[in-house]
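Notes to accompany the following structure.
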């Protein structure tokens with residue numbers, strides 16, 4: 001079995017893993033970072049497992065843990081440092097979640113989205129959300145929260 005070296009939420013790990021272990025399972029089962037959710041049974045369609053790999057939003061259920069060797073990973077647990085990010089605060093203020101299952105993946109995806117597009121239109125936000133499935137909200141409050149977060153960081 002190969003050994004991987006990864007930095008997850010700022011902490012370095014050296015782990016021996018099976019070659020076919022998915023990155024999502026590595027994070028959840030080996031590191032107990034259960035904020036990375038599995039919603040579509042490893043098909044990559046729901047986005048609940050979205051993390052940042054070297055700053056890029058990726059679906060961790062579509063990657064093997066060995067592919068993350070040498071990379072930096074941020075999960076939802078590492079997104080904030082003591083207080084809510086502007087995006088998390090906007091989600092809270094705008095009731096942009098209901099059951100919350102999809103929320104970690106959406107937050108990870110939209111964090112990267114706003115870094116690349118700090119002043120998006122509603123249409124751009126909706127397009128950016130295409131890879132995230134929410135079965136509860138209808139996206140209206142999610143779009144509103146992303147827009148509010150964008151406005152709060154560009155002031």
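No value in this document is a laboratory result; all are computed from the given coordinates. On a predicted model such as this, the values are computed, not experimentally measured, just so you know. Please note: Cβ atoms are built from the backbone with ideal geometry, for glycine as well, and neighbour counts cover all protein chains shown.
Odds and ends about this structure:
- In nm, spacing of pseudo-spin labels at residue 116 and residue 54 (7 Å Cα→C-beta vector): 1.5 nm
- Here the range 40-81 and the range 106-129 have alpha carbon centers that stand 17 Å from each other.
- The chain, relative contact order in percent, only Cα pairs under 8 angstrom and at least six apart counted: 24 percent
- Computed extension length for residue 15-residue 92: 24.1 nm, one decimal, from 0.36 nm per residue of separation with the Cα-Cα distance subtracted.
- Anisotropy class of the range 86-154 from Cα gyration tensor, a/c 1.5 cut: prolate
- In the range 55-128, the C-alpha radius of gyration followed by the widest Cα-Cα span (Dmax) gives 13.5, 39 angstrom.
- Acute angle (nearest 10 degrees) that the helix 140-154 long axis makes with the longest principal axis of the chain, alpha-carbon atoms: 90 degrees
- Equivalent ellipsoid, the chain (semi-axes from 5 times Cα gyration tensor eigenvalues, Å): 28, 16, 13
- Cut-off 13 Å (backbone N to label point 7 Å along Cα→Cβ of residue 7), residues of the range 52-70: 53-55, 70
- Cα long-axis angle, helix 103-116 against the chain (0 to 90 degrees, to the nearest 10): 70 degrees
- Short-range pairs are left out: with C-alpha atoms under 8 Å and at least six residues apart, the relative contact order of the range 3-78 is 41 percent.
- q = 0.16, 0.18, 0.19, 0.25 Å⁻¹, the range 1-89: log10 I(q)/I(0) [Debye, one scatterer per Cα]: -0.59, -0.74, -0.82, -1.34
- When you restrict to C-alpha pairs under 8 Å that are six or more residues apart and normalise by the size of the range 86-154, the relative contact order lands at 55 percent.
- Value of [θ]222 nm, deg cm²/dmol, for the chain, DSSP H segments ≥ 4, -39500 (n - 2.57) each, nearest 500: -8500 deg cm²/dmol
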